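Below is one structure, written out as C-alpha cells; the observations come after it.
The values are calculated or read from the model by the stated rules, or taken from the named source; none is laboratory data. None of these values were measured; they are calculated from a predicted model. Cβ placement follows ideal geometry from the backbone for every residue including glycine, while neighbour counts extend to all protein chains displayed.
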C-alpha cells in the first residue's frame, strides 16, 4: 500500500476558484420504508450512496411526502423533484411499454432479466422509452426482487369460472391478462389494499412477496395464498433522475450513483431469496393460511390471456412491438443455455 | 438540487494537520483479463472502484505478476501483496471448508447462494474461516457467475465405467467426487490446460462457462461438451484485503470497496447469463462440438460420490461440519419457497 500526498494540489485548488461542494438530491420513493425489501431497498441505496460519496448526498423521502407516487415520473421530468426510486410499471397508464422494464408475465427470472438489461438491449430501450415519450429523465436500473406470489383470495379458486366477477388489486401487465379472464382489476397503493379487502371493495389482491405481504396483513382476511407468481417472475426497480440534474453531476458522482444502484440490485435480490420462506411457514403455522399451487389448466389460462394482451399491445404500438421482439429474441437464445445448464432441468 | 459549499471546512482541514491523501492498493488476480467474465470481472471491479473514489486507487496486476496464483492467500495475509481478487476454492488444499464459499456441488444457484452469504450466515463463516486458520485477511464477496459446464471430454461418456482411469483437470470439491468414481484429477491453471489436453497428459477438463472455455480452445481437442455443471451451479469470487491494510482505511474507503464488490456481483452474474448461449451455438455450428446431457443415472452417480465426500470432510473437520449444517438448514427452508414460487417448477 502506498500513500500519495495530494495536499499541495488540493491547497492550490482552494486558493483558486474551485471550492469543495456537496450536491444534495431530493428523492421520492414509491414504497414506504415500513415494507421490508421493497421499501428498505431505497433506504439501503441511500445509505450506501451517502457512505461512498463525500460530494453528493441523497435525501430520501417517504411516498407522498414530496409528490404522490403515481405522479413521480412527471415530477422528476419537470424538475419539481430531483429523483425517484420507483418501478416503471407504475407508469403503465402513461406508456404502453413501461412494464416491460418492470415485470413481464411468464417472463424472465432475475438473472435472465438482468442479462437482457445490462448486457443486451434492455437498458438502451428503457432510456429510449422515456426519451421518445418526452420525459426529461435519466433512468438507472436500481433493484430487482425474486418472484412474487400470485396473490391472496378470500375463496378457493379452482377454475377460470371462479375468477369471473372478482374485484382484485393487480399490478402492471398481469392486470390486463386478469381482465381478459373476467376479473375486474384496480391498482391500489400498498396502504390502501388492506382496508379495501376488509370492507369488501376487493375480493382478492396481489402485492409482492410473502414477507412483504405479511406486513400488510392480507392473511387476516384472504386465507388462500396462491403460487407461482406467473405475473411477476422478477420485478425491476429504477432510479429516475431529472435529466438536467444528471447532466450537472460530474463523472465521479454519476459513477457513484450507478455503482450504488448495481450494489442495490445484488442486496435486493439476495434479501428476497433469503427471507421469504420464513413468512410462508409462519402463514401456514400461525395465520391459518392455505398455500395453493395453480393447476396446469389455470396456468395455461393465465398464459393464454397474457398472449392475447401482448398481441394487442404490440399491434397498437410499434415501440412495444420492437422491444417485445428484442426480448423474445434474447429469451429464445437464452433457452439454449438455460434448458441444459442446470441440474434442475 | 441544492449545493452546499464546504470550502471553509476543507480549508481549515488543510491548515491543520490533515492532508488529502490517496491510498493505492496493489491487487493480484486469479484470472487473466483475456478471459471474459472470469477475468474481466477484476478489471470491471477495479475500474468501478477507481471511478467512484478520489482517495483510494486499486492497481490491478495480472495473475503471476506479483505472486503465483495459488500463493495469493499467504501473500495477502503476510502483507507482501495488499489484496487479491480470487476464489476461495483455490485454497482448498490449505483449508477443508474453503470451497463452501466458492462452489458447492449440487448446491445453490446464484440467487440462493447470495441469500445465504449476505442475509444468512454465509459471510460470517467465510471470514471466520480465515480468522480461525490464522490468515490476516479481510474477505469480501466480490463476484458470482452462472453455472459452469460439466466439462470437455475427448470421448463420449455413457457409464461410470467410462470414467474410470481418465485423467481430468477438475476444480474444488467436485474433484473429490470425481476421484471417488475412479477419475484421476488435477488442478491446472487456465493457461496450462490446453497444452495438457494436446499432449495427452489429460483426457478431459472442466474449467468454466462456454464463452470462457471457448477462449481456451478446449473444443479443438475435446469434442464432447457435457451439461449440466452439477459441480458448480454457481461460483463465488472474493476480494481478500490484508487485515492491516483494511484497518487503515477509513469508513468511506471501506464502503467504496464493499459497494464496488456488490456492484460487480450484479454485472458478473448478468454477463454470464446473457452471453453464454452464443458460444454454445458457435461450438455446435462451427466447431464440431457435440453437446451432451448427463443421463439421470450419471447424475445420480455424481451425487452419490459427492455425498460420500461431504460425509468424510464433515467427519474430519468440525468447522466444515458446522458450516455445512448451516448451509443445509438454510437450503431446507429455501425449498419451501423455491419449490412452489416459480412457473418453472
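Got a number for residues in region A:1-43 being assigned to a helix (DSSP H, G or I), touching a strand residue (DSSP E or B) at 6+ places or on another chain (Cβ under 9 Å) and either at pLDDT 50 or above or more than 7 Å from chain B (Cβ to nearest Cβ) (or both)?
Total satisfying the criteria: 3.
In this structure, is residue B:300 touching a helix residue (DSSP H, G or I) at 6+ places or on another chain (Cβ under 8 Å) and within 13 Å of another protein chain (Cβ to nearest Cβ)?
Taking the combined requirement at face value, the residue does not satisfy it.
How many residues does region A:204-220 contain that are in contact (Cβ under 8 Å) with a residue 60 or more places away in the chain and touching a strand residue (DSSP E or B) at 6+ places or on another chain (Cβ under 8 Å)?
Total meeting the criteria: 6.
List the number of the failed condition for residue B:103; all other conditions in (1) assigned to a loop (DSSP other than H, G, I, E, B); (2) out of contact with any strand residue (DSSP E or B) (no Cβ under 8 Å at 6 or more places or on another chain) hold.
Unmet condition: (2).
For residues in region A:164-173 being farther than 30 Å from residue B:119 by Cα and surrounded by 19 or more Cβ atoms within 10 Å (Cβ to Cβ), which is nearest to the other protein chains (Cβ to nearest Cβ)?
Of everything passing the filter in region A:164-173, A:173 is nearest to the other protein chains (Cβ to nearest Cβ).
Suppose we filter B:125, B:61, B:90, B:119 for residues that are more than 9 Å from chain A (Cβ to nearest Cβ), touching a helix residue (DSSP H, G or I) at 6+ places or on another chain (Cβ under 8 Å) and farther than 17 Å from residue B:232 by Cα; which single one remains?
B:125
Which helices (runs of 4 or more DSSP H) does region B:176-293 wholly contain that include 2 or more residues that are within 9 Å of another protein chain (Cβ to nearest Cβ) and farther than 30 Å from residue B:80 by Cα?
Result: B:251-275, B:277-286.
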